[in-house]
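Each remark here refers to the structure printed beneath this line.
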Amino acid sequence: MLSRTDAKAAGSNVPARLTLTDFDLTLPALGLLVLFFVVPVAILLARSVSEPVPGFGNYAELLGSSTYLKIFANTFLVSGLVTFVSLVIGFPVAWALAVMPSRFASVIFAILLLSMWTNLLARTYAWMVLLQRTGVVNKLLVGLGLIDTPLPLVNNLTGVTIGMTYIMLPFVILPLYGVIRKIDPAILQAAALCGANRWQALVRVLLPLAMPGMAAGALMVFVMSLGYFVTPALLGGTANMMLAELIAQFVQSLVNWGMGGAAALVLLVVTLALYAVQLRFFGTDRMGGR
Amino acid sequence: MLLNFDRLGWWKLVLIGITVLTAAFLLLPILFIAALSFGSSQWLIFPPPGWTLQWYRELLADPRWLESAWTSFQIAIIVTVLSVLLGLVTSFGLTRARFMFREALKALFLTPMILPVVVLAVALYAFFLQIGLNGTLSGFVISHLVLALPFSILSITNALEGFDKSIEDAAVLCGASPFEAKIRVTLPAISHGIFSAAIFSFLTSWDEVVVAIFMASPTLQTLPVKVWATLRQDLTPVVAAASTLLILLTVLLMVLVALVRKGLKS
């Protein structure tokens, strides 16, 4: 494409040949993406302001109803909880992986990768079985004498949080490991020489240095959780629906494209805004932990 | 101090403890499902009262399970081939071309990876309803390709950026045509990137649920959709058997990746 115009611009007498330039190579994929990604999403969003009547009625309904606001609140609550628990567990694991003898660490890595690659439904099913009233977790807790009667662990907030933390953990541990790995051990030796004990070194040196990685990992898990569909639908109850389920319900059972599009736009805007924050403050070049 | 394993003192034990517990937390549910798929109790009691192959027999006797597995496999293979070919072409364009907005274009190609899948699923569902692609193999292939392509482009551009283009130029100087040089010099050099592009694309399609739930019709569904639909009714051990086969495939692919990596190093 560029070569043709270049040839013309140069006023050359050589007829513009139909040669492929490197840019042209990206056109098939670009076409696929525009036709089957950009256009469908744009149409969906357009329908949110045109159906059933033109205007912002769908958004007014979505943001004005206590039912829907409860779903938004629940979506943020679940995502926040999952992010918090993942960080609390993920930080020590990432730290341990960064300092452990490599033989031991590689076993842990293999488990992390296996879990990440194992079919999402298979993993969610495992938790449905484990957490049910007669499941292993309840039996274990009763057997240990910690509780008298089985706890309701599925179809509620507990179930979703456990199931989603399980899925998100590798997404915190792996990037955080990369960040901690890059921290120069000499900085911590210096802290020790200056008289810091372990706690002081952890709180005032290691944690601050790992903070960009923590923040980036937290944002990623939070954003991924916001749009999650399968695990909340299977492990959560009707009382704590999440945004992605609401979108699916508008479209599949209610056939309300206007509301579905509006809810999708809310999810998109929040997602993109958080990614913008991530790029602004923790751009990939700043992931090095300094 | 804190980054020196031998000087962590008793903190070492705490860190190792948390790590081992986390690893167990990640691994045990997978093993648990595999164990239950051979258990004789319909109520998924653990430890099972006895061992049986009954659930696998039920799985294999039901033509709908086999059909959905076959559908998944076909789609995943087609998506893998298309994703690798398209990813290869696009990556050459992205790494070799000098044009404005190259980074922006690359970011655009990666967006399907980060946006909530449910938005794409709903949008494509609406779009395909209008052009009649819902419930068709093409519909599945297109939607899975949109999701798989970013992984493919990412793996192959990474490999291409690490490849010294002057080697390809040298082949051209020695008389190879530019195309021949790419096929015979560059492609073998970036084969690890192509390989991971293929594995990622296959798994993306094979494991994909959300778009597939919307794309499926009563007559055409993928294995994850069948699992999803079954799970919404009850927790039957047949799903444990199906899940175990899915896990087995993942393990096989991981071993394959590990072997290829090892082969590349030596």
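Structure values in brief
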| read-out | value |
| --- | --- |
| Matching residues in region B:8-46 - criterion: being outside any helix (DSSP H, G or I), of a type in the set (A, V, I, L, M, F, W, C) and over 22 Å from A:THR118 (Cα atoms) | B:LEU8, B:TRP10, B:TRP43, B:ILE45 |
| Check on A:THR134, within 29 Å of the chain's Cα centre (by Cα), of a type in the set (Ser, Thr, Tyr) and closer than 24 Å to B:ALA229 by Cα | no |
| Failed item, numbered, when A:SER225 is tested on (1) open to solvent by 10 Å² or more (accessible area, probe 1.4 Å); (2) touching a Gly at 6+ places or on another chain (Cβ under 9 Å) | (1) |
| Residue count, region A:198-208 (criterion: more than 8 Å from chain B (Cβ to nearest Cβ) and in contact with a helix residue (DSSP H, G or I) (Cβ under 9 Å, 6 or more places away or on another chain)) | 3 |
| Count - residues of region B:102-150 that are facing chain A (nearest Cβ under 10 Å), assigned to a loop (DSSP other than H, G, I, E, B) and surrounded by fewer than 16 Cβ atoms within 10 Å (Cβ to Cβ) | 0 |
| Among the residues listed as B:VAL211, B:VAL255, B:VAL260, the single one being open to solvent by 30 Å² or more (accessible area, probe 1.4 Å), among the hydrophobic types (A, V, I, L, M, F, W, C) and in contact (Cβ under 8 Å) with a residue 60 or more places away in the chain | B:VAL260 |
| Pairs with Cβ under 7 Å, 6+ apart, first in region A:228-247 and at negative phi and among the hydroxyl-bearing types (Ser, Thr, Tyr), second buried (at least 20 other Cβ atoms within 10 Å of the Cβ) and in a helix (DSSP H, G or I) | A:TYR228/A:MET164; A:TYR228/A:ALA244; A:THR231/A:THR124; A:THR231/A:VAL160; A:THR231/A:GLY163; A:THR231/A:MET164; A:THR231/A:ILE167 |
| Among (1) in a helix (DSSP H, G or I); (2) over 17 Å from the mean Cα position of the chain (by Cα); (3) more than 9 Å from chain A (Cβ to nearest Cβ) - the single one B:SER217 does not satisfy | (1) |
| Residue within region B:40-62 that is within 30 Å of B:SER143 (Cβ to Cβ), open to solvent by 30 Å² or more (accessible area, probe 1.4 Å) and aliphatic (A, V, I, L, M) present | yes |
| Residue among A:MET220, A:MET168, A:MET211, A:MET164 that alone is at the interface with another protein chain (Cβ under 10 Å from one of its Cβ atoms), closer than 25 Å to A:LEU272 by Cα and out of contact with any Leu (no Cβ under 7 Å at 6 or more places or on another chain) | A:MET220 |
| Matching residues, region B:179-193, being touching a helix residue (DSSP H, G or I) at 6+ places or on another chain (Cβ under 6 Å) and assigned to a helix (DSSP H, G or I) | B:ALA181, B:VAL185, B:THR186, B:HIS192, B:GLY193 |
| Residue that is farthest from B:TRP43 (Cα to Cα) [pool: residues in region A:118-161 that are part of a helix (DSSP H, G or I) and open to solvent by 50 Å² or more (accessible area, probe 1.4 Å)] | A:LEU157 |
| Residue count for region A:23-67, restricted to those that are crowded, with 17+ Cβ neighbours inside 10 Å and part of a loop (DSSP other than H, G, I, E, B) | 2 |
| Residue match in region B:157-164 (condition: buried (at least 19 other Cβ atoms within 10 Å of the Cβ) and within 30 Å of B:PRO218 (Cβ to Cβ)) | no |
| Residue match in region B:189-204 (condition: more than 14 Å from every other protein chain (Cβ to nearest Cβ), in contact with a Phe, Trp or Tyr (Cβ under 7 Å, 6 or more places away or on another chain) and under 17 Å from B:THR157 (Cβ atoms)) | yes |
| Positions within region A:83-103 being within 8 Å of chain B (Cβ to nearest Cβ) and open to solvent by 30 Å² or more (accessible area, probe 1.4 Å), in sequence order | A:ILE89, A:PRO101 |
| Some residue of region B:74-95 being outside any helix (DSSP H, G or I) and either in contact (Cβ under 8 Å) with a residue 24 or more places away in the chain or open to solvent by 60 Å² or more (accessible area, probe 1.4 Å) (or both) | no |
| Conditions (1) in a helix (DSSP H, G or I); (2) within 12 Å of another protein chain (Cβ to nearest Cβ); (3) not hydroxyl-bearing (Ser, Thr, Tyr): number failed by B:ILE167 | (2) |
| Pair list, Cβ under 7 Å, 6 or more apart: region B:151-164 residue on the phi < 0 side of the Ramachandran plot and among the charged types (D, E, K, R), other residue open to solvent by less than 70 Å² (accessible area, probe 1.4 Å) and at pLDDT below 95 | B:GLU161/B:THR95 |
| All positions within region B:243-252 that are touching a helix residue (DSSP H, G or I) at 6+ places or on another chain (Cβ under 6 Å) and more than 7 Å from chain A (Cβ to nearest Cβ) | B:THR244 |
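The values are calculated or read from the model by the stated rules, or taken from the named source; none is laboratory data. The structure presented is a predicted model; accordingly, all values stated were derived computationally and were not measured. When we count neighbours, we look across all protein chains shown, and the Cβ atoms used for this are built from the backbone with ideal geometry, even at glycine. In case anyone asks, the SASA skips ligands and DNA or RNA and just uses the protein heavy atoms, side chains included. Shrake-Rupley method; radii C 1.70, N 1.55, O 1.52, S 1.80 Å.
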